[in-house]
Each structure stands twice: as structure tokens, then as C-alpha cells.
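Colleague: There's a structure below that I have some questions on.
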Amino acid sequence: MSLILQIETATASCSVALARDGTVLGFKQVNERNVHAEVITLFIDEVIAAAGFAYNDLDAIAVSSGPGSYTGLRIGVSTAKGLCFALDKPLIAIETLAVMACGITKRDGYTPGSELLLCPMIDARRMEVFTAVFNANGNQIIPTSAEIIDENSFSDLLANKKILFFGDGAEKCRSVLSENPNAIFFPDFVNSAVDLTKKAAEKFKNKAFENVGYFEPYYLKDFIAGRKK
């Protein structure tokens, strides 16, 4: 038996879900930038209370660990770690792009195919994205990296395979990739804490927990502060 609180803040979406033995009991979500710090603890309170549980009933806290927004990741991971310390519960971390690859297969309008490759993309400003490539079973075949996308990106794979591009970084790449008939785009994909459910349950079963004291988000790139407008 496992009751896991799941947190996703790696992108503009701030999302919290509660799952028991791989079944989602409830979730709260807003897709808006710069509100994560304001709403995340409220969402956690509401999701736990609505399901009829208390904080001490939790068995673990799972968090989407990056890459993604520096500020969003910091908020999500610090919240998760704070709960783990306060409640003496284990921490489960799942890489955000792997969460997305798992989540796309559950979206309305997704058409599965055994040969289809999955390419989640997270906006990293300008024409750069955080990305990786997964097969149809969700197994990663190209490692996570920060890539500047141009018309030659993924050309080797696109020569023989159809690739589904999705996530908040995919739309800006459509103009340079869509001329290839094997490039497919899934619009309006939004990251969700619900998508952590399967992998969080698996990690809990295997006791694949993080060291709460030393765990840090997977930023992938160094933080660069912008000028205040």
C-alpha cells in the first residue's frame, strides 16, 4: 500500500496530485507562470483534505525533478523536501522529461504506434529546449540535453522514424521541423503531477528513494538571471 503526494512545478504548470497504489485520488492544477509559490501549499492542503487523509497518512513525496524552470524546480523540490523532513517520509524524484513521455500516452488525441518515437521538449528560451527521445514504451534512447533547434535537428532519426514532439518547447520548433513529414506535433500538452503516478509507484515499490538532505533539482544548465523589467 502506498499513498504518495506528487508535485510538478518544472514548467508553467503548477500541479499537485495524490495517488494510492497507482490510482489518482485527486489533483489540483493551474497553468500560469509565476504563481507556483503562492498556490502550491494550498493545492497540497486541498488535495489531501478532499481525499479524506491527513499529512501523516502519506507514505512518500514524489517530485518532478527537472530539467525545467529554475525557479519552478526550486519551489517544487524545496516544498517536497520540507514535507519529507517534517513528516519523516521518503523522497521520490522522477526526471521531468521521463514524466512527460509517460504522460503523453494518456492524453486524448494521442495515437500510439510501436515505431513512434516520443520527444518531449521544455522551453529553455530562444530556440533552445531541454529534450530527450524515448521509444513508444517510454524507454529513453537519447539522453537528456539542452539543444538549440534548427532545420537539421533530429535529421538522422526523422529520416526513418516518425517523432512526436510535444511540451511547451515544441511549438516554437514547429516552423523549423514541420517540413519533414515524419515530424508530428501534439499541441497544448501541459505537464501534470498526475503523470508521475506510474513511475512514483514503481520507485516506491523498489524503495528507490533520494537522500533528502543532499538532493538537488536537475537544472541541467546554470541559472542566468534576467534584468528586472
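The values are calculated or read from the model by the stated rules, or taken from the named source; none is laboratory data. Worth saying up front: this structure is predicted, and the values here are computed from it rather than measured. Counting neighbours? That spans all protein chains shown, and the Cβs are built from the backbone with ideal geometry, glycine included. Quick note on the areas: whole protein, heavy atoms, side chains included, nothing else; ligands and nucleic acids left out. Shrake-Rupley method; radii C 1.70, N 1.55, O 1.52, S 1.80 Å.
Colleague: Of the conditions (1) within 30 Å of Val77 (Cβ to Cβ); (2) part of a strand (DSSP E or B), Lys172 satisfies every one except a single condition; which number is it?
Modeller: (2)
Colleague: Please state which one of Ala49, Ala60, Ala54, Ala86 is farther than 17 Å from Ser192 by Cα and touching a Cys at 6+ places or on another chain (Cβ under 9 Å).
Modeller: Answer to the check: Ala60.
Colleague: Output the number of residues of the range 92-133 satisfying the condition of being open to solvent by 10 Å² or more (accessible area, probe 1.4 Å), modelled with pLDDT of 95 or more and of a type in the set (Gly, Ala, Ser).
Modeller: 1
Colleague: Give me the strands (runs of 3 or more DSSP E) completely within the range 75-148, filtered to those with at least 1 residues that are within 19 Å of Lys161 (Cα to Cα) and of a type outside the set (Val, Ile, Thr), ordered by residue number. Spell out the reasoning first.
Modeller: Values: elements: 91-94, 117-123, 128-134, 140-148.
Because the criterion is at least 1 residues that are within 19 Å of Lys161 (Cα to Cα) and of a type outside the set (Val, Ile, Thr), the strands (runs of 3 or more DSSP E) in the range 75-148 that meet it are 117-123, 128-134, 140-148.
Colleague: Take the range 1-23 and flag every residue that is crowded, with 19+ Cβ neighbours inside 10 Å, assigned to a strand (DSSP E or B) and among the hydrophobic types (A, V, I, L, M, F, W, C).
Modeller: Ile4, Leu5, Ile7, Cys14, Val16, Ala17, Leu18, Ala19, listed by residue number.
Colleague: So which residues in the range 175-187 are out of contact with any strand residue (DSSP E or B) (no Cβ under 9 Å at 6 or more places or on another chain) and not polar (S, T, N, Q)?
Modeller: Scanning the range 175-187 gives Val176, Glu179, Pro181.
Colleague: Can you tell which of Gly76, Gly26 is touching a residue at least 24 places away in the same chain (Cβ under 8 Å), open to solvent by less than 30 Å² (accessible area, probe 1.4 Å), touching a strand residue (DSSP E or B) at 6+ places or on another chain (Cβ under 7 Å) and under 29 Å from Lys221 (Cβ atoms)? Give the steps one after another, and end with the answer.
Modeller: Working: Gly26 fails: under 29 Å from Lys221 (Cβ atoms).
Answer to the check: Gly76.
Colleague: May I ask you to list the residues in the range 56-74 that are farther than 17 Å from Leu5 by Cα, touching a Phe, Trp or Tyr at 6+ places or on another chain (Cβ under 8 Å) and assigned to a helix (DSSP H, G or I)?
Modeller: Residue satisfying the conditions is Tyr70 alone.
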